[in-house]
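The structure appears right after this line, and notes come after that.
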Amino acid sequence: MLLEAYSGADNPNAAPTETLTVLRAGADGQIASAPMRWWLTPSWSHGPSTQYSMFNAKAETAATSPAFKVPFARRRCVLPVSGFYEWQRRAGRKQPFLVSDQAEEGLLLAGLWDAWQPKGSAGDTAELLSFTLLTTAAHPSMHELHHRQPVFLRRQDAMQWLDPSIETSALSALLEPSLPVPLQLTPVSSEVNNARNKSPRCAQPLGASLPVSVDDVFAGQAMPMHQSDGLL
């Protein structure tokens, strides 16, 4: 029921300010796909801007943040992804890793959305839909990679997150650091460092994947690596 409503296209190297497809509850309460800009533009703002980092929102402070508190209370969304990239500094350079689920069924990330229109447009200008992804402190098994992580949702959690009849305050447990499914971290090509690169080479493995779960802690410094096409 959840992913059946998703109609997003494949993007092997999505980056902030790009338009991605997210899931949200419509006016009738039904879950539906919607294209949105990945960089939240608050409804009360002057318009789209990259002056402030609005592509992520800390789950710990979103309820009180001027930019995020209204979406946090009323406009929740979910971004389905096959994986995401994170970088670890190694020997003076940043090595990208593809974080994905071991079952290769995809991940569900919690987000917030908002709608903006120019002041005085009186509804005759199309509204800009945009979203941000919620982050939380990294689970201990992921902390070696980064001190923050996305808010992961299981399918049943995502259904609750998208249910407009449930107050966000009742869902606070979903915002805690967790690894709801076993993950794998794969070192990949530095092609991903340039957001203009959209080829499958972005996810080209440069070494074996390392399992990460509640019981398996990531220790990336010990991973063997090999060069491939000079992209490492």
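Data for the structure
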{"quantity": "Residue selected from region 45-59 under the condition more than 16 Å from the chain's Cα centre (by Cα) and either surrounded by 13 or more Cβ atoms within 10 Å (Cβ to Cβ) or modelled with pLDDT of 95 or more (or both), by the criterion nearest to residue 149 (Cα to Cα)", "calculated": "48"}
{"quantity": "Residue within region 192-199 that is crowded, with 18+ Cβ neighbours inside 10 Å, outside any loop (DSSP other than H, G, I, E, B) and of a type in the set (A, V, I, L, M, F, W, C) present", "calculated": "yes"}
{"quantity": "Scan of region 163-191 for residues that are in a loop (DSSP other than H, G, I, E, B) and touching a Gly at 6+ places or on another chain (Cβ under 9 Å), ordered by number", "calculated": "163, 164, 165"}
{"quantity": "Selected residue [touching a Phe, Trp or Tyr at 6+ places or on another chain (Cβ under 6 Å), under 27 Å from residue 155 (Cβ atoms) and not hydroxyl-bearing (Ser, Thr, Tyr)] from 35, 80", "calculated": "80"}
{"quantity": "Test: residue 107 is within 21 Å of residue 14 (Cα to Cα) and touching a Lys or Arg at 6+ places or on another chain (Cβ under 8 Å)", "calculated": "no"}
{"quantity": "Residue match in region 87-101 (condition: surrounded by 14 or more Cβ atoms within 10 Å (Cβ to Cβ) and closer than 20 Å to residue 117 by Cα)", "calculated": "no"}
{"quantity": "Pick from region 24-36, criterion out of contact with any Pro (no Cβ under 7 Å at 6 or more places or on another chain) and in contact (Cβ under 8 Å) with a residue 60 or more places away in the chain, ranking: nearest to residue 109 (Cα to Cα)", "calculated": "24"}
{"quantity": "Residue 137, sole failed condition from (1) in contact (Cβ under 8 Å) with a residue 40 or more places away in the chain; (2) among the hydrophobic types (A, V, I, L, M, F, W, C); (3) out of contact with any His (no Cβ under 8 Å at 6 or more places or on another chain); (4) surrounded by fewer than 21 Cβ atoms within 10 Å (Cβ to Cβ)", "calculated": "(3)"}
{"quantity": "Condition met for residue 67 (buried (at least 19 other Cβ atoms within 10 Å of the Cβ), without any contact (Cβ under 8 Å) to a residue 40 or more places away in the chain, assigned to a loop (DSSP other than H, G, I, E, B) and in contact with a Ser or Thr (Cβ under 9 Å, 6 or more places away or on another chain))", "calculated": "yes"}
{"quantity": "Any hit, region 130-142, residues being within 25 Å of residue 13 (Cβ to Cβ), part of a strand (DSSP E or B) and of a type in the set (A, V, I, L, M)", "calculated": "yes"}
{"quantity": "Output for region 123-170, where each listed residue is more than 25 Å from residue 53 (Cβ to Cβ) and acidic (Asp, Glu)", "calculated": "124, 157, 163, 167"}
{"quantity": "Residue within region 107-125 that is surrounded by 10 or more Cβ atoms within 10 Å (Cβ to Cβ), at pLDDT 90 or above, under 21 Å from the mean Cα position of the chain (by Cα) and part of a loop (DSSP other than H, G, I, E, B) present", "calculated": "no"}
{"quantity": "Scope region 153-162; condition assigned to a helix (DSSP H, G or I) and surrounded by 13 or more Cβ atoms within 10 Å (Cβ to Cβ); matching residues", "calculated": "155, 157, 158, 159, 160, 161"}
{"quantity": "Total residues in region 19-44, condition assigned to a loop (DSSP other than H, G, I, E, B) and exposed (fewer than 15 other Cβ atoms within 10 Å of the Cβ)", "calculated": "6"}
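The values are calculated or read from the model by the stated rules, or taken from the named source; none is laboratory data. It should be emphasised that the depicted structure is a prediction, and the values quoted were computed from it without experimental measurement. Virtual Cβ from ideal backbone geometry, glycine too; neighbours counted across all protein chains shown.
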